[in-house]
1. All but one of (1) under 24 Å from T81 (Cα atoms); (2) of a type in the set (S, T, N, Q); (3) in contact (Cβ under 8 Å) with a residue 40 or more places away in the chain hold for S154; which doesn't?
2. Anything in the stretch 89-145 that is over 20 Å from A70 (Cα atoms) and among the hydroxyl-bearing types (S, T, Y)? List them, or say none.
3. Return the pairs, sorted by first residue and then second, in which the second residue is in a loop (DSSP other than H, G, I, E, B) and surrounded by fewer than 13 Cβ atoms within 10 Å (Cβ to Cβ), the first residue lies in the stretch 108-134 and is at negative phi, the beta carbons are less than 6 Å apart, and the residues are 6+ apart or on different chains.
4. Of all residues in the stretch 151-199, count the ones that are at positive phi and out of contact with any helix residue (DSSP H, G or I) (no Cβ under 6 Å at 6 or more places or on another chain).
5. When you go through (1) surrounded by 15 or more Cβ atoms within 10 Å (Cβ to Cβ); (2) without any contact (Cβ under 8 Å) to a residue 60 or more places away in the chain; (3) closer than 16 Å to G186 by Cα one by one for R103, which number turns out not to apply?
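Rule-based calculations on the coordinates, nothing more; no lab input. On a predicted model such as this, the values are computed, not experimentally measured, just so you know. Cβ atoms come from the backbone with ideal geometry, glycine included; neighbour counts cover every protein chain shown.
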Amino acid sequence: MVPVKVAGYKNGSCAPANIRSTTRCGVSLLAFATSMREILADNTPRNSCPPNHMISKPPESMEPKTKLKALLHRIHTQVDTTFSGLGVIVWDGVSTIPILPMRSEQPRGIHDKTTFEVLMNISREGSPFHDGFHVVDTALALIQVSVYFSPAISAQVETPANGLRFGGRYLAAAFGSCLEGVICTGVVSKQYGPIVFEHGKVA
């Protein structure tokens, strides 16, 4: 796949030229993602010790798509009338993907809260970060929020024929799940969800 360049932020602040390239301030998003993994390792409280019979398999061994399904289901069960919809990209941490940052800064507390807490807070109509997609690593640690995601149309994707009301975010997630470097994608909206895509198909 040809690397897709994305524009930086305005006013000279740091932003990725593409998801692997060096920013204007000399810090690569890949390096940032690595540090984020260390800070946000996963979404499981470290002081939580459920009984063994309640655990089917350790969270760290779960596939990213399984973790994403669980996260989106949890979000979907707790949304209210202000919920604006949500799109998530699980990135492999290596490949270039076609994204463009839509905001010049990240939400406050992004390093101090779980992915669930951050996504619940920003996926409301009043939040400046509700639009676009949010990028996470394979442990579902947040790397970047509110990015424009522009994958090419793929013949691998079949649009639903059951009357499901879908829009641009749904199709971007479906097409985007076919890209190299995208492990899976997920969406939730007021009309449907949660839905996770892998290789253009509902996982």
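1. With respect to (1) under 24 Å from T81 (Cα atoms); (2) of a type in the set (S, T, N, Q); (3) in contact (Cβ under 8 Å) with a residue 40 or more places away in the chain, S154 is out only on (1).
2. Once the filter is applied, which keeps residues that are over 20 Å from A70 (Cα atoms) and among the hydroxyl-bearing types (S, T, Y), the stretch 89-145 yields S95, T96, S104, S127.
3. R124/T82; E125/T82
4. So the count comes out to 3.
5. So the condition that R103 fails would be (3).
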